[in-house]
Amino acid sequence: MTSEHPDVLYAIDAEDCLVELSSSWQPFAEQNEGGISLNPGSVLGQSLWTFVRGESLQVLYRDVLTTVRRSGRPFEFDYRCDSPALRRHMHMRVEPLPDGIVRFQSRTVRIESRNQPLHVVAASTGHHHLKRCSICNRFGLPDRTWSDVLDAITVGQAMNQDRPLQIIWGICDDCRGNLRTRLEQTAASAE
Ligand SMILES: [Zn+2]
């Protein structure tokens, strides 16, 4: 944790509603690209699921919550929260507390600049829809592989400037498999 990139802390109650929020919440909300009001007062009391993008990530998060609540053990994982100009390497700790409360602590581990801003690269692929993994931030390519953005250019199609590129957030096979394995280990370790 540094003062420049403070940890983002938030917590949910047993009904998955937000009950606590650090002032550094905004980067998390921006990550979700939700077009929601970002001031904490309007977010407290709302369901966490309002802010988790994509069905596949929701399924994974539900597994994470079930595992930490049942096992009583924290679960930690690395993820990326890239912006067009930056690669942000993040670490998440999900910790169960009494009464079904779960606290999330998101820490910025490392930030790298991109040589070429992402929006330039994304626009030049010509895809109208690109799948993207919420955990590693790689792009899903038409051949069903997942790749960092520089490789995404190589499968570029004819560019159509009338339609902006849309990102469909999901989770790639590698991240899903990795997290599921570790969730099972966490659940088993409590037995
Ligand atoms: Zn991934």
| query | In nm, to one decimal, how far is the modelled label at Gln185 from the one at Trp49, with both set 7 Å along Cα→Cβ? | reply | 3.0 nm
| field | Förster-model FRET efficiency, 25 Å R0, Arg69 and Asp173, C-beta, rounded to 0.05 | value | 0.45
| query | If the chain between Glu20 and Ser147 were fully stretched, how many nm would it gain, using 0.36 nm times the residue separation less the Cα-Cα distance? | reply | 42.2 nm
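Just so you know, all these numbers are worked out from the coordinates, no wet-lab data involved. Just so you know, these numbers come straight off a predicted model, no measurement behind them. So basically every Cβ, Gly included, is an ideal-geometry build from the backbone, and we count neighbours across all protein chains shown.
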